[in-house]
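Asker: Can you read through this structure? Questions will come right after.
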Amino acid sequence: MNAIQDALRDLHHRSGIKGAVVVTLDGLVAAESLDDRYPGDVVGGLASFLLMTLNRSLKEGGLGGCDQFLLHATHGKVILKALDDAYLVCLFDQFADVATVRQEVREVAQRIRMSSRIGADG
Amino acid sequence: MHLIQRMKIWKELKRLEIRVREEPSPTTFVDLGQVYINLESYDKALRVAEDGLALFPKATEMKKLLDCARRGLSKQRATELKARLIRSPNPKLFREVAELQMDLGDVAALHQTCQEWSLRFPDDPGAWLLLGQARLLGFYRDLAAREGREAVRCLDRAVEMDGNEVQARRLLGEVLYRVGAVNQSIEHLQTLQGLRHDDGDLLQLLEYVSGLDDKGSDVEQLFNEVEERGSLAHPPVTTAAVTSAEVGVSSIRETLGHIADIPGVRKATYIKGSRALVKGEIKDGRDPFLRIVRVMAKAAYRFGRRLDIGNACKNVADGDFGHICVCVYGEVLAGVQCDEGTDIDLVLGELQEIVAGSLSPVGGVNS
């Protein structure tokens, strides 16, 4: 678990990133490293709602699940990256470069998969 | 309420919130919304109804729940404002209360409010304007001559009290030409034009009315004829609006076609309310892709708002299906499904253009 926490903390320390959470599909927060303004359980609950709603809709449409979701909002961006049974949720500010953050998230997701029992080997 | 009762309700709410998340259906949303309505938490009921409608846009029970929640909120607001009116009456508060009562269709309460308003502020034409508006609603709904005559009497009174009362004059100008009193209507519209030189819609309306036949000046008689006939003498000015909508639709369709031509793009849609324009591999309005776009936009909107990061305006979902990109601007959505390797930035840029540039009304396939 420490390895996941370390990976999240490393990600959080990078420029423009406001925090990261590993959340299961039912909204349980497995690990978190977030700015104070974002409560982990709130981020977990909202991410769970978003992913369950989206995945259900995609499956009903015969398209299968979502591997990654990128959301651009007025005051921030969010990436939700699938880790098999869980998702890595990364919050970053609206000025962050999406391509760079995508790459960083991909690397951290890989690290988490390697060190976690949640996901399969990457 | 006893502590035990409160705990029971809290437990029930928690159960229903979980059910809504895990087994979303119109029934689960309505059950949850109903509990909030019973608790008079109309804002929460409204949130539930909006979330439910995003997932089940055609469910009539969700629309009823939304309507019920909105009415509850309006009633709550009207009660608050009435309490404030007792402490410190002023025309602005009277107007707000009267407008809420008109929205709620509470005609008796509206009359009472306007009566008190005109007694306390006899020089303010607002009470007569609101009464006229309420009567006009009744007239246009039932074509009842009595309502029409009363509407004209109230609006005339507002105009007499303040010759610069723009809204009353406009409403008078509109109802008079609709019943056939074209010359009287033109008088009001010309006065209005003197007050608002740069109003393009007004100029268009005046041109339209000038081309209509005058059916006489006895307004009372004209209202009676409308009631007997069961129809108005002249139709509303719509031709120009239709033309502009057609131009808007054809331009959107063209841009959508352009997006669908981007290499890798399979499906493209433009959605406004319950209508959708589609291009690419979409058979009709029942294609599940349209629902996916709607659900994705609504879920992302809710996520962004609750997390306090603002409105989610661009979203991209990746999977074995490739990419689904959705752009949102107010009630307008545009979405694309494309293969892996497609230039996502180009697609998002085009989608953003189409939603930001579309402010005209849309016709299209019902989805």
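The values are calculated or read from the model by the stated rules, or taken from the named source; none is laboratory data. Worth saying up front: this structure is predicted, and the values here are computed from it rather than measured. Cβ placement follows ideal geometry from the backbone for every residue including glycine, while neighbour counts extend to all protein chains displayed. Note: accessible area is taken over every heavy atom of the protein model, side chains too, but ligands, DNA and RNA are not part of it. Shrake-Rupley method; radii C 1.70, N 1.55, O 1.52, S 1.80 Å.
Asker: With a point put 7 Å past each Cα toward its Cβ, work out how far B:Leu137 is from A:Ala99 in nm, to one decimal.
Answerer: 5.5
Asker: Using +1 at the C-beta of Lys and Arg and -1 at the C-beta of Asp and Glu, which of A:Ser57, B:Phe121, B:Gly173 has the Cα lying farthest in the positive direction of the dipole of the protein assembly as shown?
Answerer: Farthest along the dipole direction, towards plus: A:Ser57.
Asker: Specify the angular offset, from 0 to 90 degrees and rounded to the nearest 10, of the alpha carbon long axis of helix B:200-210 from the longest principal axis of the alpha carbons in chain B.
Answerer: Once rounded, the angle reads 50 degrees.
Asker: So, one more: Equivalent ellipsoid semi-axes for the stretch A:3-121, as square roots of 5 times the alpha carbon gyration tensor eigenvalues: give them largest first, rounded to whole Å.
Answerer: Three semi-axes, in Å: 20, 17, 14.
Asker: Further, regarding this structure: To the nearest 20 Debye, how big is the dipole of the protein assembly as shown about its Cα centre, given +1 on the beta carbon of each Lys and Arg and -1 on that of each Asp and Glu?
Answerer: 1580
Asker: Same structure, new question: Among B:Ser210, B:Leu81, B:Gly264, pick out the residue whose Cα is farthest towards the positive end of the charge dipole of the protein assembly as shown, where Lys and Arg carry +1 and Asp and Glu carry -1 on C-beta, about the Cα centre.
Answerer: B:Leu81
Asker: Hey, quick one: spin label on B:Leu203, modelled 7 Å out along Cα-Cβ, who in the stretch B:163-196 has an amide N within reach, i.e. under 14 Å?
Answerer: Within reach of a label on B:Leu203, which here means backbone N under 14 Å from a point 7 Å along Cα→Cβ, the stretch B:163-196 contributes B:193-196.
Asker: Rounded to the nearest 100 Å², what is the sum over both chains of accessible area buried where A meets B, with a probe of 1.4 Å?
Answerer: Working: alone 6730 and 20350 Å², together 24170 Å².
Accessible area lost upon association: around 2900 Å².
Asker: Is there a simple number for the mean count of other chain Cβ atoms within 10 Å of the Cβ of residues in B:289-300, and what is it?
Answerer: For peptide B:289-300, the averaged partner shielding equals 4.
Asker: Hey, what did the stretch B:244-366 get for relative contact order, percent, Cα under 8 Å, at least 6 apart?
Answerer: 34
Asker: So how strong a dipole does chain A carry about its Cα centre when Lys and Arg Cβ are +1 and Asp and Glu Cβ are -1, to the nearest 20 debye?
Answerer: 160
Asker: Give me the angle, in degrees from 0 to 90, between the Cα long axis of helix B:182-195 and the longest principal axis of the Cα atoms of chain B, rounded to the nearest 10.
Answerer: The angle comes out at about 70 degrees.
Asker: Let me ask another. Cα axis of helix B:60-87 to longest principal axis of chain B: angle in degrees, 0 to 90, nearest 10?
Answerer: Its long axis makes an angle of about 50 degrees.
Asker: To the nearest 500 deg cm²/dmol, what mean residue ellipticity at 222 nm is calculated for the protein assembly as shown from DSSP H runs of n ≥ 4 alone, each contributing -39,500 (n - 2.57), summed and divided by the residues?
Answerer: -20000 deg cm²/dmol
Asker: Which residue, chosen from B:His323, A:Gln5, B:Phe139, occupies the Cα position most advanced towards the positive end of the dipole of the protein assembly as shown, where the dipole is computed from +1 (Lys, Arg) and -1 (Asp, Glu) charges on Cβ about the Cα centre?
Answerer: It is A:Gln5, whose Cα lies furthest towards the positive end.
Asker: Further, regarding this structure: For B:Leu119 and B:Glu23, what does the FRET efficiency come to when R0 = 41 Å and r is the distance between their Cβ atoms, rounded to the nearest 0.05? It would help to have the intermediate numbers written out before the result.
Answerer: Details: r = 55 Å, r/R0 = 1.35.
Rounded to the nearest 0.05, the efficiency is 0.15.
Asker: Report, in whole Å, the centroid distance computed from the Cα atoms of the stretch A:27-54 and the stretch B:29-91.
Answerer: With the stretch A:27-54 and the stretch B:29-91 each reduced to a Cα centre, they are spaced 28 Å.
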